[in-house]
1. Dividing the alpha-carbon radius of gyration of the chain by 2.2 N^0.38 Å (N being the number of residues), what value is obtained?
2. When you count, for each residue, the other Cβ atoms within 10 Å and take the mean per peptide, how do 531-537, 455-461, 115-121 rank with the highest first?
3. What does the net charge come to around I178 if you take all other residues with beta carbon closer than 14 Å to its beta carbon, with K and R at +1 and D and E at -1?
4. Of all the C-alpha pairs in region 190-256, what % are more than 17 Å from each other?
5. As a test of the definition: which semi-axes, in Å, follow for region 428-485 when you take the square root of five times each eigenvalue of its alpha carbon gyration tensor? Largest first, please.
6. Show log10 I(q)/I(0) for region 57-215 at q = 0.11 Å⁻¹, two decimals, from a solvent-free Debye sum over equal Cα scatterers.
7. Per residue, how much space in cubic angstrom lies within the convex hull of the C-alpha atoms of region 279-348?
8. List the relative contact order of region 98-213 as a percent without decimals, with contacts defined as Cα pairs under 8 Å and 6+ residues apart.
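The values are calculated or read from the model by the stated rules, or taken from the named source; none is laboratory data. Not measured: the values here are computed from a predicted model. Here Cβ is always computed from backbone atoms with ideal geometry, including for glycine, and neighbour counts include all displayed protein chains. Remember, those area values only see protein heavy atoms, side chains included, never the ligands or the DNA or RNA. Shrake-Rupley method; radii C 1.70, N 1.55, O 1.52, S 1.80 Å.
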Amino acid sequence: TDLAHIRNFSIVAHIDHGKSTLADRLIQSTNTVSEREMKEQLLDAMDIERERGITIKANTVRIEYIADNGEQYVLNLIDTPGHVDFAYEVSRSMRAVEGSLLVVDSTQGVEAQTLANVYQAIDADHEIVPVLNKIDLPASEPERVKEQIEDVIGIDAEHALLVSAKSGLGIKETLEAIVHRLPAPTGERDAPLKAMLVDSWYDAYLGVVVLVRIMDGVLKKGDKIKMMQTGATYPVDRIGVFRPAMQNVDELGPGEIGFLTAQIKQVRDTKVGDTITHEKKGAEKPLPGFKPSVPVVFCGLFPVDSAEFEDLRDAIEKLALNDASFSYEMETSAALGFGFRCGFLGLLHLEVIRDRLEREYDIELITTAPSVIYHVYMKDDTKIDLHNPADMPDMSKVDHVEEPRIKATILVPDEYLGDVLKLCQDRRGLQLDLTYAGNRAMVVYDLPLNEVVFDFYDRLKSVTKGYASFDYQMIGYREDNLVRMSILVNDEAVDALSMLVHRDRAEMRGRAMCEKLKELIPRHMFKIPIQAAIGGKVIARETLSAMRKDVTAKCYGGDATRKKKLLEKQKAGKKKMRQFGKVEIPQEAFISALKMD
Ligand code: GTP
């Protein structure tokens with residue numbers, strides 16, 4: 001296809017504003033797939049994605065459309081992940097296209113995620129067409145939302161399209177707007193091949209599939225290609241496009257978006273943002289802006305049943321093959337036994353991986369508190385990147401500690417603003433900005449990432465009844481007065497519960513932890529002291545009193561199967577307990593103890 005008849009675009013939207021419904025409609029109305037093949041929400045492939053209503057991996061579809069001017073166009077839609085954890089993948093997808101549809105629910109308005117993604121689109125120099133969706137609903141307020149788009153985002157919304165993705169209203173206009181308001185791609189057919197690696201994933205039949213956008217040159221089946229970042233070379237087996245099912249093609253030229261397979265063994269060998277060129281007569285310089293995505297949140301994953309350690313290892317290795325941004329290494333914990341210290345792009349990424357391990361591989365897991373990477377500067381001038389609070393060196397040897405900070409943007413209806421400010425303040429936030437758009441406030445905070453990774457989303461959702469939206473970006477490291485707090489149960493330190501805390505909050509956190517643990521640990525035949533300590537100094541203490549002997553609890557007589565059932569229950573329950581010294585700690589304690597109220 002010649003460049004003038006190609007349009008590449010993405011859809012920017014907040015969760016639930018109708019991105020998938022609109023994409024489905026665009027595909028359907030151009031007869032890209034037959035009715036029979038049309039599944040609801042075609043683009044969200046994975047179960048977990050659908051269940052959680054989120055889109056994780058970038059997906060793409062090629063639509064052929066005959067416009068009102070009688071000419072046929074190829075429209076390539078790249079679906080971008082909507083969640084903050086995948087910001088880098090969003091930015092790559094954005095660089096692969098020239099324009100965006102900004103979908104805003106006309107009954108709701110602009111949300112924090114919309115903002116973050118639309119700024120990425122603006123950074124990528126996109127032409128942006130605002131689409132006001134759900135205008136079939138009585139609560140739709142297109143004029144108010146137009147104004148809000150102009151006030152908050154600062155783009156012209158006068159010619160925003162009025163659409164109901166559900167009923168199909170405005171779909172024709174949207175297709176025409178894509179053709180006439182978005183620019184065609186540019187690129188040179190005769191130049192050396194430059195293809196951007198937009199995404200990659202593992203397919204059970206085809207192996208690793210790589211999504212590419214051709215910037216210059218032509219990619220053909222049988223070509224020998226080279227990944228410019230990794231230097232690896234491969235012969236191309238197959239190239240094709242998504243309609244949305246895979247369809248082989250002979251070549252992909254400038255401006256086109258499609259896939260290749262090339263006997264690449266693992267997804268780890270493909271780096272999002274890398275430039276693909278020919279092995280011979282290749283491009284000299286890669287496309288600008290490549291950066292590897294690095295894990296920022298770490299936690300330990302341990303099998304509940306230690307006999308499942310090998311299964312866990314297999315499962316983690318398999319998942320890692322298909323997810324370059326997930327890292328892992330073996331870890332041993334005195335409290336939890338053998339497991340893995342894993343790194344993730346963010347909390348959602350962590351949850352998705354943990355879910356998949358539990359569901360697809362059927363392994364019950366204990367997850368330790370998520371932690372961030374601290375920079376620990378030692379008195380002897382060395383520096384340690386600390387991934388696990390349990391490895392914190394002796395404080396007397398530490399000069400100072402730096403922690404990662406984020407810039408968080410929160411959009412919230414007025415009436416909840418006070419609670420949001422309090423929450424941010426409690427989490428050691430520094431307010432950077434506070435503005436209003438209609439009856440909604442936009443607050444910007446500088447927050448320590450470690451105060452956000454655990455339960456910030458949950459707290460934010462609960463104090464705002466789900467009305468707040470949240471987005472963040474990393475801003476760098478800063479020194480603060482951070483110390484390691486250990487938790488001792490029956491005078492032994494439980495490594496899985498140690499954490500770095502701000503000195504001023506240590507007593508409060510320590511007290512809260514001890515009180516929580518006292519509730520969570522069942523009574524034993526003896527008294528159990530529960531303490532929080534910094535270095536050798538105890539800062540909080542609770543005592544779990546001894547259990548009184550209870551003879552009536554014994555099971556006399558009764559029928560045998562009932563007894564057996566009870567015994568089985570006991571055994572299952574035991575598995576969920578971690579023997580620690582002489583004390584048994586239920587697994588929920590490890591997570592619950594760290595949640596703050
Ligand atoms: P994520 O996949 O979670 O990012 O959400 P999304 O933005 O793709 O939203 P989705 O298309 O799943 O739509 C969210 C909900 O809004 C669904 O229940 C849709 O049926 C509904 N919806 C989408 N478009 C319209 C519309 O034009 N009118 C009405 N009334 N409902 C709509």
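1. Dividing the Cα radius of gyration by 2.2 N^0.38 Å gives 1.09.
2. The most tightly packed comes first, giving 115-121, 455-461, 531-537.
3. Once all neighbours under 14 Å are counted, the net charge is -2.
4. 40
5. Equivalent ellipsoid of region 428-485: 24, 16, 9 Å, largest first.
6. -0.50
7. Output value, Cα hull per residue: 128 Å³.
8. Once divided by the residue count of region 98-213, the mean separation gives 22 percent.
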